[in-house]
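Presented below is the structure to which this report refers.
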Amino acid sequence: MAPTPTSRRAIVLDPSDNVATALAPLAAGERIATAAATVALAHDIPPGHKFAVRAIPPGQPVVKYAQPIGRATQPIAPGHHVHVHNCASQRAGSGGEHP
Amino acid sequence: MHFQGFPRADGAAGTRHLVVVLPTVACSSHVATRIASAVPGAIAIAHQHGCAQIGDDAATTFRTLAGIGASPNVAAVLVVGLGCEQVQADALADAVGASGTPVAVVGIQHEGGTSSAVARGAALLRELAATVGPATRQPCPLDQLILATECGGSDAFSGLTANPLVGRIADRAVDAGATVIVSETTEFIGAEHLLPPRGVTPEIGEQARQMVLDCERSCCRYGADLTGSNPSPGNIEGGLTTIEEKSLGCLAKAGSSPIAEVLPYAQRPARRGLVLMDTPGNDVESIAGMAAGGASLILFTTGRGTPLGCPVAPVVKIATNTPLAERMAENIDFNAGAIADGSTTLDKAADALWRLTLAVASGRLTAAERLGHREFGIRRTAPTL
């Protein structure tokens, strides 16, 4: 796994990721350059939170660390905040069911 | 590629050359500590186990103590027994001796009490120290090195800076033929479905998944709900969206190598490469288990700051963020927070941490060693009788 170069604003952990993670408070309207794309933020992104660097249609995996971390529950456009409101875990149940 | 280390009889190479006093049981721990003070630099590993243990615990205690005694970093061992305990001194000495490590035994009941045991033990310890002599390092190939990775006091940046950075070191180490142990089974609960593709074979991947499910089942028996509120509200506020993301942030420190083996607590790996050991998330017990598995250097990431060390292995403490590296500067060996600040890149930080890792393996002291941190604790699952 060869992570892409970082800026001081956001980090993409793997070239195949479709999200970047903010390292500092980012404001809606800022243009953030990542190796994947230069993206204009649609929302404020707090540090530690994610934004899409590619469009993610509903039902498609949100990819970080080159792995699916969940699925989009709504259409996600580049620059959109990605979090609990539009990304759902694929792990069934809460402490009960196992695939 | 080499480091300056200590080749041992069993084929591993140590980063330290320690004379260790190992009590079999809580009852012989104070005497062990008194004996260790007779030889400059000798280390006693006091603990609270070794008797009245049921279930797997007696075997786990024995295996852990034997593994510590047989560690590549340990040059000689004096076992200190009481006499009536569950973990018998002669059996422990035999297990340590089987690795080729010089070992001697003293028993408190046999000697007739504290002072006699201390006097006899000190004499034996001086002889052992004289037998193994001073530390003389030699070039050792990296395929004789066993590294361990750990995260403790994690924060939102652990999965962004320090853990991916340690993952780069893990990859370099595995590529050079070394063994890297990753552990903390509880951190994978909720993300165990991601493990099967990570095994060198589907069977090993499935073994890893089952190890995590077994852990969850046994925690649930005590009423601990580990996925219902995971990520926690604090995690979510900090940006972690799903349990997969949280677990992958933790697993990032293992790098990208396939998992070659799945090990019980405190077991020495039989394979080279990346191996997964079943340990609690509790840092002290996790480190003790990996050290007992032969880890001779531990890479430990922290976001909130923890001073932990290990009696038989140097712990390299890596800060996830610059404010921590500044606030607890005396406890931190490397600041991965510089990646977040933009003052370095992951590639450059990996080069620097690799150089530091080889330097520590070759003798450079870590912050935890300079400050004398030697925390130790053995995993247990059942009550004491």
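Condition check ((1) over 26 Å from the mean Cα position of the chain (by Cα); (2) away from chain A (no Cβ under 14 Å); (3) assigned to a helix (DSSP H, G or I)) across all residues:
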site	(1), (2), (3)
B:Arg120	yes, yes, yes
B:Thr131	yes, yes, yes
B:Ala135	no, yes, no
B:Cys140	no, yes, no
B:Asp143	no, yes, yes
B:Thr149	no, yes, no
B:Gly167	no, no, yes
B:Ala170	no, no, yes
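Answer yes or no as to whether B:Ala350 is in the same structural domain as B:Gly249 (by TED's automatic domain parsing) and at pLDDT 95 or above. Yes.
Per-residue answers, yes or no, for (1) at pLDDT below 95; (2) in contact with a Pro (Cβ under 6 Å, 6 or more places away or on another chain):
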residue: A:Pro58; (1), (2): no, yes
residue: A:Val62; (1), (2): no, no
residue: A:Ala66; (1), (2): yes, no
residue: A:Pro75; (1), (2): no, yes
residue: A:His83; (1), (2): no, no
residue: A:Cys87; (1), (2): no, no
residue: A:Gln90; (1), (2): yes, no
residue: A:Ser94; (1), (2): yes, no
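Criterion applied to B:Ala75, B:Ala42, B:Ala104, B:Ala95 was being surrounded by fewer than 24 Cβ atoms within 10 Å (Cβ to Cβ) and either closer than 17 Å to B:Ala288 by Cβ or polar (S, T, N, Q) (or both), and the one residue passing it is B:Ala95. If I filter region A:13-34 down to residues being part of a loop (DSSP other than H, G, I, E, B), under 12 Å from A:Lys64 (Cβ atoms) and polar (S, T, N, Q), which single residue comes out as modelled with the lowest pLDDT? Residue satisfying both the conditions and the ranking: A:Ser16. Got at least one residue in region B:217-232 being closer than 28 Å to B:Ala173 by Cα, touching a residue at least 60 places away in the same chain (Cβ under 8 Å) and out of contact with any Phe, Trp or Tyr (no Cβ under 6 Å at 6 or more places or on another chain)? So far as region B:217-232 goes, no, none of its residues is closer than 28 Å to B:Ala173 by Cα, touching a residue at least 60 places away in the same chain (Cβ under 8 Å) and out of contact with any Phe, Trp or Tyr (no Cβ under 6 Å at 6 or more places or on another chain). The single residue among A:Ala66, A:Ala28, A:Ala36 that is surrounded by fewer than 17 Cβ atoms within 10 Å (Cβ to Cβ) and farther than 16 Å from B:Glu245 by Cβ turns out to be A:Ala28. Name every residue in region A:31-80 that is hydroxyl-bearing (Ser, Thr, Tyr) and either in contact with a Cys (Cβ under 6 Å, 6 or more places away or on another chain) or closer than 18 Å to B:Asn235 by Cβ (or both), in order of residue number. If the condition is that a residue be hydroxyl-bearing (Ser, Thr, Tyr) and either in contact with a Cys (Cβ under 6 Å, 6 or more places away or on another chain) or closer than 18 Å to B:Asn235 by Cβ (or both), then A:Tyr65 is the only one that fits. Can you find a residue in region A:4-25 that is away from chain B (no Cβ under 11 Å), over 14 Å from the mean Cα position of the chain (by Cα) and not aromatic (Phe, Trp, Tyr)? There is at least one residue in region A:4-25 that is away from chain B (no Cβ under 11 Å), over 14 Å from the mean Cα position of the chain (by Cα) and not aromatic (Phe, Trp, Tyr).
In region A:40-70, the qualifying residues are those that are assigned to a loop (DSSP other than H, G, I, E, B), within 12 Å of chain B (Cβ to nearest Cβ) and in contact (Cβ under 8 Å) with a residue 40 or more places away in the chain, and the one that is farthest from B:Ala340 (Cα to Cα) is A:Ala66. Counting only helices (runs of 4 or more DSSP H) that fall entirely inside region B:251-360 and contain at least 1 residues that are more than 19 Å from B:Gly14 (Cβ to Cβ) and within 14 Å of another protein chain (Cβ to nearest Cβ), the qualifying elements are B:322-327, B:337-341. Among the conditions (1) surrounded by fewer than 22 Cβ atoms within 10 Å (Cβ to Cβ); (2) within 23 Å of the chain's Cα centre (by Cα); (3) not β-branched (Val, Ile, Thr), the only one that B:Pro202 does not satisfy is (2). A single member of B:Gly133, B:Gly190 is modelled with pLDDT under 95 and farther than 25 Å from B:Tyr265 by Cα, and it is B:Gly133. Does B:Thr161 satisfy the condition of being assigned to a helix (DSSP H, G or I), hydroxyl-bearing (Ser, Thr, Tyr) and surrounded by fewer than 24 Cβ atoms within 10 Å (Cβ to Cβ)? So B:Thr161 does not fit the description; no. The single condition among (1) in a helix (DSSP H, G or I); (2) more than 14 Å from chain A (Cβ to nearest Cβ); (3) closer than 24 Å to B:Val212 by Cβ that B:Ile181 does not satisfy is (1).
Here B:Ala89 does not fit the description of being more than 21 Å from B:Arg34 (Cα to Cα) and in the same structural domain as B:Ser28 (by TED's automatic domain parsing).
Would you check which residues across region B:230-248 are closer than 20 Å to A:Pro25 by Cα, facing another protein chain (nearest Cβ under 9 Å) and out of contact with any strand residue (DSSP E or B) (no Cβ under 6 Å at 6 or more places or on another chain) and list them? Within region B:230-248, B:Ile236, B:Glu237, B:Gly238, B:Gly239, B:Leu240 qualify. Restricting attention to region B:146-167, the residues being within 21 Å of B:Val275 (Cα to Cα) and touching a Pro at 6+ places or on another chain (Cβ under 8 Å) number 2. B:Pro197 satisfies every condition listed in (1) at pLDDT below 95; (2) closer than 14 Å to B:Ser247 by Cα; (3) within 14 Å of chain A (Cβ to nearest Cβ) except (2).
The values are calculated or read from the model by the stated rules, or taken from the named source; none is laboratory data. Predicted, not measured: the structure shown is a model, and the values here were computed from it. Cβ: placed from backbone, ideal geometry, glycine included. Neighbour counts: every protein chain shown.
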